[in-house]
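> Right, I'll just put the structure down here and ask away after.
The values are calculated or read from the model by the stated rules, or taken from the named source; none is laboratory data. Every value quoted in this text rests on a predicted model; they were computed, and no experiment measured them. Cβ coordinates were reconstructed from backbone atoms using ideal geometry, including for glycine residues, and neighbour counts include every protein chain displayed.
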Amino acid sequence: MKQSRNIALILAGGTGRRMHAVMPKQFMEIDGETVVLHTMRAFQQHPLIHEIYLVCMPEWNDFVRGEAEKGGISKLSGIVAAGESSYASACLGIAHLSENITDPDAIVLVHDVARPLITQDIISRNIAVCLTHGNAITALQSHEAYLVTSDGSSAHGVMPREGLMRAQTPHTFPLATLQQMVQLAQERGIKESQSIFTLAGELGILPLHIAQGDLRNFKITEQSDILIYRALKSLED
């Protein structure tokens, strides 16, 4: 079997407004290391990842290159200018890959930079599930029931936990499929989606196949998440 070319596309264009910090959360240094470097290192260390591309605001390009050099991130192959939203950044990242990678069968793992504790097993499972089934969405079985609300103050419905899974990243697809998704979205006038996997659902690219996630692969969003990150990161050291 031909070995796949596996590419990490890390989305790092957020401004971190919910963090209420002086800089975007992905560039914050926590216990001697920036979040972006920790995330890049996870993909650098995986033997099946061949290249890393990172999407961020252009004013942070030099910072990212400096962090990559400091951390020995030799697989960093390109930095792409971010868009106004995570979805726009993903589309710009996919467009950049389309212009620079000639292999349509290349496997692309689209990952949120704010999930720096992604494990090597998650990366392996994403590649394996995508190669077997054509896509892979990192997810965990839900252990809680959900309330359905429109305003956050009252609920008008409930969703039992059975049959629900909580999505994480990476979202993994062949490059050709991502190109098709972006083109279809443009043709149908879809200008925004919550993520790559929700776009796939909107476009009817189903079923989506599960790559088992991990509780450690959580997203740093608010100040309180830094405490959790510090505690879990200390277990790696």
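> Checking residue 87 against (1) in contact with an Asp or Glu (Cβ under 6 Å, 6 or more places away or on another chain); (2) not in a helix (DSSP H, G or I), which test does it fail?
(2)
> Only one residue in 123, 52, 79, 118 is more than 30 Å from residue 158 (Cα to Cα), in contact with a Phe, Trp or Tyr (Cβ under 9 Å, 6 or more places away or on another chain), in contact (Cβ under 8 Å) with a residue 24 or more places away in the chain and surrounded by fewer than 23 Cβ atoms within 10 Å (Cβ to Cβ). Which one?
79
> Could you please give the count of residues in segment 37-84 that are outside any helix (DSSP H, G or I), farther than 22 Å from residue 181 by Cα and hydroxyl-bearing (Ser, Thr, Tyr)?
Matching residues across segment 37-84 total 2.
> Name the strands (runs of 3 or more DSSP E) wholly within segment 127-237 that hold at least 1 residues that are surrounded by 15 or more Cβ atoms within 10 Å (Cβ to Cβ)? Give the steps one after another, and end with the answer.
Details: elements: 136-141, 146-149, 155-159, 165-174, 210-212.
Because the criterion is at least 1 residues that are surrounded by 15 or more Cβ atoms within 10 Å (Cβ to Cβ), the strands (runs of 3 or more DSSP E) in segment 127-237 that meet it are 136-141, 165-174, 210-212.
> If you take the residues of segment 1-36 that are of a type in the set (Gly, Ala, Ser), crowded, with 16+ Cβ neighbours inside 10 Å and part of a loop (DSSP other than H, G, I, E, B), which of them is modelled with the highest pLDDT? Reasoning before the result, please.
Of the residues in segment 1-36, the ones of a type in the set (Gly, Ala, Ser) are 4, 8, 12-14, 16, 21, 32.
Now drop any that are not crowded, with 16+ Cβ neighbours inside 10 Å, which leaves 4, 8, 12-14, 16.
With the extra rule that they be part of a loop (DSSP other than H, G, I, E, B), the set shrinks to 4, 12-14, 16.
On the way: 4: 90, 12: 97, 13: 93, 14: 81, 16: 58.
Step by step, filter segment 1-36, then rank; the result is 12.
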